[in-house]
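Below is one structure, written out as structure tokens; comments come after it.
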Amino acid sequence: MTPPPAAVGDAAANGSGKITRDLVLATALQIIDADGADALSMRRLARALDRDPMILYRHAPNKAALLDGVAEAVLAQLKVDSADPDWAAQLRAVARDYRALALAHPHVVPLLVTRPLATPLGLRPRGTLRPLEDVLALLTRAGFSGPDALHIYRALFGFLHGHVLNELQELVENPDETDDLLRLGLHRLPIAEFPLLRSLASVLASYDGAAELERGLDILLAGLTSTLPRPEQPRPPGQKPRPDSSRAL
């Protein structure tokens, strides 16, 4: 868990306090939150901690490792109750929490969404795999097969990644403008070519990220519930699953 900003500042002030990996990552997260991942460097991080840069290499060998560590620290705050008997409600809670993390740390979102794509699953930082393992545990406990549980996870997080990226890029051209067409810059689009888009100006201008998330989850979870095979009865502890080669992604 990332230490609160006050604790970070107190520990690093005047070069006092022990430098730990948690402190290094929390300070790196502060820099990214303020100025983005491109602004993070070992030298700037060392200045923020009031330490020699060489000390930092004990905790992270390079910037890439720092970025992975920051992603782990943020995802450590995403909790999945794998024992929840209501799997759909738990996934909805996870989705809400993921959105909250994304809004709290918008500059970290690329580290969570796009950076993992460049790394094979088994080589990614283990902390970033914890939500996957926990969601799979939730769903297999609910009676879904392993392949179906993985399908549900992919559908959920594919939707979540798209949602948070879309919400974070909801920009207006003139925030103080009262006319929705002008505020969104839609007046620049030829009405003959984009009549429907222009007609939805008021809807686009009143974008509500929380409401959009809930509506998307309603559609996603309803679709998954209706199209996937019904979950089997949860197995007693220690009982091995029955072979089933009929289900595949």
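The values are calculated or read from the model by the stated rules, or taken from the named source; none is laboratory data. Only a predicted model underlies this, so the values are computations on that prediction, with no experimental measurement involved. Neighbour counts run over all protein chains shown; Cβ positions are idealised from the backbone, glycine included. Remember, those area values only see protein heavy atoms, side chains included, never the ligands or the DNA or RNA. Shrake-Rupley method; radii C 1.70, N 1.55, O 1.52, S 1.80 Å.
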- Message: The conditions are (1) open to solvent by 50 Å² or more (accessible area, probe 1.4 Å); (2) over 29 Å from L228 (Cβ atoms); (3) in contact with a Lys or Arg (Cβ under 9 Å, 6 or more places away or on another chain), and A60 fails exactly one of them. Which is it?
- Response: (1)
- Could you pull out the residue among P110, P116 that is in a helix (DSSP H, G or I), modelled with pLDDT under 95 and either farther than 21 Å from G162 by Cα or open to solvent by 50 Å² or more (accessible area, probe 1.4 Å) (or both)? P110
- Task: Kindly establish whether E133 is over 30 Å from L228 (Cβ atoms) and of a type outside the set (S, T, Y).
- Result: no
- For the stretch 57-83, which residues satisfy the criterion of being touching a residue at least 40 places away in the same chain (Cβ under 8 Å) and hydrophobic (A, V, I, L, M, F, W, C)? L66, L67, V70, A71, A73, V74, L75, A76, L78, V80, A83
- For the stretch 200-213, pairs from a residue that is closer than 19 Å to E177 by Cβ and among the hydroxyl-bearing types (S, T, Y) to a residue that is at pLDDT 90 or above and in a helix (DSSP H, G or I), with Cβ under 8 Å and 6 or more apart or across chains, are S202/D180; Y207/E167
- Message: Residues to consider are A34, A93, A6; find the one that is at pLDDT 90 or above, open to solvent by 50 Å² or more (accessible area, probe 1.4 Å) and among the small types (G, A, S).
- Response: A34
- Message: Of the residues G216, G209, G223, G185, only one is under 22 Å from S82 (Cα atoms) and out of contact with any Pro (no Cβ under 7 Å at 6 or more places or on another chain); which?
- Response: G223
- Query: Given the conditions (1) of a type in the set (A, V, I, L, M); (2) outside any helix (DSSP H, G or I); (3) in contact with a Leu (Cβ under 7 Å, 6 or more places away or on another chain), and given that A149 satisfies all but one, which numbered condition is not satisfied?
  - Reply: (2)
- Message: Cβ contacts < 7 Å: first residue within 21 Å of S206 (Cα to Cα), restricted to the stretch 181-193; second residue open to solvent by 50 Å² or more (accessible area, probe 1.4 Å) and aliphatic (A, V, I, L, M), any location; separation 6+ or different chain. Result?
- Response: R183/V172; L184/V172; L184/L204; L186/L197; L189/L197
- Message: Quick check on my filter: what residues within the stretch 130-144 are buried (at least 19 other Cβ atoms within 10 Å of the Cβ) and farther than 20 Å from K79 by Cβ?
- Response: F144
- Message: Against the condition small (G, A, S), free of Cβ contacts under 8 Å to residues at least 12 places away in the same chain and open to solvent by less than 10 Å² (accessible area, probe 1.4 Å), how does A46 come out, does it pass?
- Response: yes
- Query: Can you pull out the helices (runs of 4 or more DSSP H) entirely within the stretch 51-105 that have at least 2 residues that are basic (K, R)?
  - Reply: 87-104
- Determine, yes or no, whether V172 is modelled with pLDDT under 95 and under 29 Å from the mean Cα position of the chain (by Cα). yes
- Message: Checking the condition without any contact (Cβ under 8 Å) to a residue 40 or more places away in the chain, touching a helix residue (DSSP H, G or I) at 6+ places or on another chain (Cβ under 9 Å) and over 21 Å from G216 (Cα atoms), which residue from L129, L111 passes?
- Response: L129
- Message: part of a loop (DSSP other than H, G, I, E, B) and open to solvent by 50 Å² or more (accessible area, probe 1.4 Å): is that true of I191 in this structure?
- Response: yes
- Pick from the stretch 145-179, criterion polar (S, T, N, Q) and closer than 23 Å to L117 by Cβ, ranking: most open to solvent (accessible area, probe 1.4 Å): Q169
- Quick check: anything in the stretch 208-228 modelled with pLDDT of 85 or more, open to solvent by 60 Å² or more (accessible area, probe 1.4 Å) and in a loop (DSSP other than H, G, I, E, B)? yes
